[in-house]
Structure formats: structure tokens, C-alpha cells
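Okay, so here's the structure we're looking at.
Coordinate-derived values only; no laboratory data. No experiment lies behind these values; they were computed from the predicted model shown. Please note: Cβ atoms are built from the backbone with ideal geometry, for glycine as well, and neighbour counts cover all protein chains shown.
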Amino acid sequence: MKQSYWNNIAQNYNTQIHDSIHTDKNNLIRRTIKKYANPSHHALDLGCGPGKYLPYLAAAFKFVTAIDHSQKLLNLAKSHAASHNNIQYIRANLANPKVEEKKGPKARSKSIRKANFATLTNVLISHHQSTRTRILQTAITHLKPKAHLLILVPSVESTLYTNHILLKWNHAAGLRGKSARAETLNLSPNASTDLLKGIIPIDSIPTKHYLAEELHHLATDHSLNPIDIKKVQYPWTSEFTEPPPWLNEPYPWDWLLLAQKA
């Protein structure tokens, strides 16, 4: 997505964008960061957004580099992690292999040191495969050998499951046929082709979703060793404003891939 999109959404980021690390029902994200914490290591937060992960990364590693395409989101991140002085902030487009920032014609570029651990959370979501590939290659380039990469992405299975729940909910309310399907999964005119590619709209924005098995192939195709693929589960309020009282487990989820650079 363009920088202007994220700059425009920054003002209302907390209400418009899902906060994965704080709604993770089993604290899987924080437990993974803690597992690989090392006070002598460097970490990257690639596509850091408003910096929700930064306090946890800054507490777990000696130094953290936070990168985002939007300056407004970086400003929010600085505010969110203001109590930590071991974070470097860089505005850059991760889809550009030359990740750097310049502030004026005579300023020097900020180089990114290679890291021992990196997070790439809800960043590989462009509907353009070439963009996703460039972002992932940028991430891998800035990892040391045997470094670990935490990738979080939307789940195809969870989206279809949530759609099933909404249809069930509508049926329980007495709706049938087109009326029951009116507010369910909103696919594009190219629905069949897009769905095969895992492209499902979120707030009308075409967004890449992943199968668990697809993530395994994504890792191995890019010389990453997939260590684990797990569900990061969220409460139903992440999908519905007022979920019905009968709606419990299983909960909606994102996929978390933990991989190691070869």
C-alpha cells in the first residue's frame, strides 16, 4: 500500500487497525519474542506501524531498528516507545531493496545493521505478489545467518470460518437466502481468481491471506527454515462489534510463522 494510505490512517490507527500483540489471547507473540530475547543482540521491527511491538522488543534486545513507510506512524511509534532509548527509527519502503532514509540533499543515509531477530507482522499483505516478494527479500537480506524471523499474516481459513459464523448468526436471526448472505464475505468481481490467490478484502482493500501450508512453502522457497506455524487467536470482538453470547471457541486467528535464516 502507498505511503499516503498509512499516513492518512495514522490518526485513527488504534480504531481502524487490529492490535495483534495486545489481543493475542495466548500471548504467543510476546512469548516468542521473550524466547529469543538476548541482551547482546539486535532486533528489527519491519513495518513497525505505531510501535505496539517496540516496548517488548526494546526490553528483550540490546538495540532495535524500527522501520516504516509512513512518517506519521513512525512519529506515533516514537511516542509509544518514548521510555526506551535503544531504538533507531528509519522511514523506508521495504519493497525497495535499498532500504535507507535521507533528510535533505546533503544528509547521509541511515544504514540498517543486520539483525539476530526480526518481526514482519501483517506486512506481507499486498495483493501484488512482486511487492510481497521484494519485502520478504529485504527482510532476509537484513538478517544475520541463523537469525530468526517472526512473520504474522491473515489466515484464509480463519476468514472463511468467520464468514461461516456470520452466516450461521444470520440464520439464527431468521434471515434466509440473499438476506442471510448480504453482510458476509465481500469478494471482488474477480472473486474466483482472487480467492484462489488468497486475496480477500479487508475494509474493501484487497488483502493477501495465507494458508498454513502456503506459509511453509513461502519459507522454504526463500531459504528459510520453518520452525513453527501456529495460530494467534483473538477474541470475537476483533471481527464483530457485538458478538452474540453463544459465540466462543474456536476463535478467529492469524498465522504466525517462525523461521530461521539458513
- Query: Where Lys and Arg each count +1 and Asp and Glu each count -1, what net charge lies around Gly198 among other residues with Cβ under 10 Å from its Cβ?
  - Reply: 0
- Query: Once amide H atoms are built 1.01 Å from N in the peptide plane, which residues 5 or more positions from His18, or in another chain, come under 5 Å H to H?
  - Reply: none
- Task: Filter the cross-link list Lys25/Lys168; Lys114/Lys261; Lys114/Lys231; Lys35/Lys230; Lys144/Lys208 down to pairs whose alpha-carbon distance in this structure exceeds 18 Å.
- Result: Lys25/Lys168; Lys114/Lys231; Lys144/Lys208
- Item | Neighbourhood charge, 12 Å Cβ-Cβ cut-off, centred on Leu57 and excluding it, Lys, Arg +1 and Asp, Glu -1 | +3
- Item | Phe117, Phe240 arranged by Cβ crowding within 10 Å, fewest neighbours leading | Phe240, Phe117
- Message: Please report the net charge: other residues with Cβ closer than 11 Å to the Cβ of Trp255, K and R +1, D and E -1.
- Response: -3
